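Enquirer: After the structure tokens below, expect a handful of questions from me.
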Amino acid sequence: QFTLSQNYPNPFNPITKINFGLPREEHVSIIIYDISGKKVKSLIDDNYESGLHSINWDGTDQNNKNVSAGMYLYQIKSGDHVDVKKMMLLK
């Protein structure tokens, strides 16, 4: 079954974990956005086997620079599934 869990810990500093599950092998993308919808970082853009997986985000942008404290969104796309959740980065 397709799942996207709430990141843990939330709020976080400096690292948080995002868990997701896939019912079959699929291409997966996970992208971090700021609250205004601007893309901050692409965490995943690859094929994954079925099962449970996790990825860490260290609060950096695409250039590996630390982002500001605040609310962020993470979006997963896999096959026909799209899901979005909120997370809070504290400094």
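Enquirer: Of D34, D45, D80, which is the most mobile in a GNM of the chain whose springs link Cα atoms less than 10 angstrom apart?
Expert: D80
Enquirer: Taking every eigenvalue of the Cα gyration tensor of the chain, multiplying by 5 and rooting it, what semi-axes result, largest first, whole Å?
Expert: Ellipsoid semi-axes (Å, largest first): 22, 13, 11.
Enquirer: Through the Karplus equation 6.51 cos²θ - 1.76 cosθ + 1.60, θ set to phi - 60°, convert the phi angles of segment 46-53 into ³J(HN,Hα) values in whole Hz; use x for Gly and Pro.
Expert: So the Karplus estimates, Gly and Pro as x, are 7, 7, 10, 6, 5, x, 9, 9 Hz.
Enquirer: Then there's this: Out of the total accessible area of the chain (probe 1.4 Å, heavy atoms of protein only), what percent is carbon and sulfur?
Expert: Reported share for carbon and sulfur atoms: 46 percent.
Enquirer: A further question follows. Taking only protein heavy atoms and a 1.4 Å probe, what accessible area per residue, in Å², does the chain have with all protein chains in place?
Expert: Accessible surface, normalised per residue, equals 59 Å².
Enquirer: OK, next. Sorted by packing (mean other beta-carbon atoms within 10 Å per residue), highest first, where do 62-69, 37-44 land?
Expert: 37-44, 62-69
Enquirer: May I ask you to derive the relative contact order of the chain, considering only C-alpha pairs under 8 Å and at least 6 residues apart, and to give it as an integer percent?
Expert: Relative contact order of the chain: 32 percent.
Enquirer: Which of these, H27, H81, H53, has the largest mean-square fluctuation under a Gaussian network model of the chain (Cα springs below 10 Å)?
Expert: Fluctuation is largest for H81.
Enquirer: Net charge near Y74, counting Lys/Arg +1 and Asp/Glu -1 over other residues with Cβ under 10 Å of its Cβ?
Expert: Charge balance in the 10 Å sphere: +2.
Enquirer: So what J values fall out for segment 64-78 if you push phi through Karplus, 6.51 cos²θ - 1.76 cosθ + 1.60 with θ = phi - 60°, rounded to Hz, Gly and Pro as x?
Expert: Using θ = phi - 60°, the values come out as 6, 9, 4, 8, 6, 4, x, 8, 10, 10, 10, 10, 10, 10, 8 Hz.
The values are calculated or read from the model by the stated rules, or taken from the named source; none is laboratory data. The shown structure was predicted, so the numbers you read here are calculated from the model rather than taken from an experiment. Ideal geometry is used to build each Cβ from the backbone, glycine not excepted, and the neighbour counts take in all protein chains shown. Just so you know, the surface numbers come from the protein's heavy atoms only, side chains and all, with ligands and any DNA or RNA stripped out. Shrake-Rupley method; radii C 1.70, N 1.55, O 1.52, S 1.80 Å.
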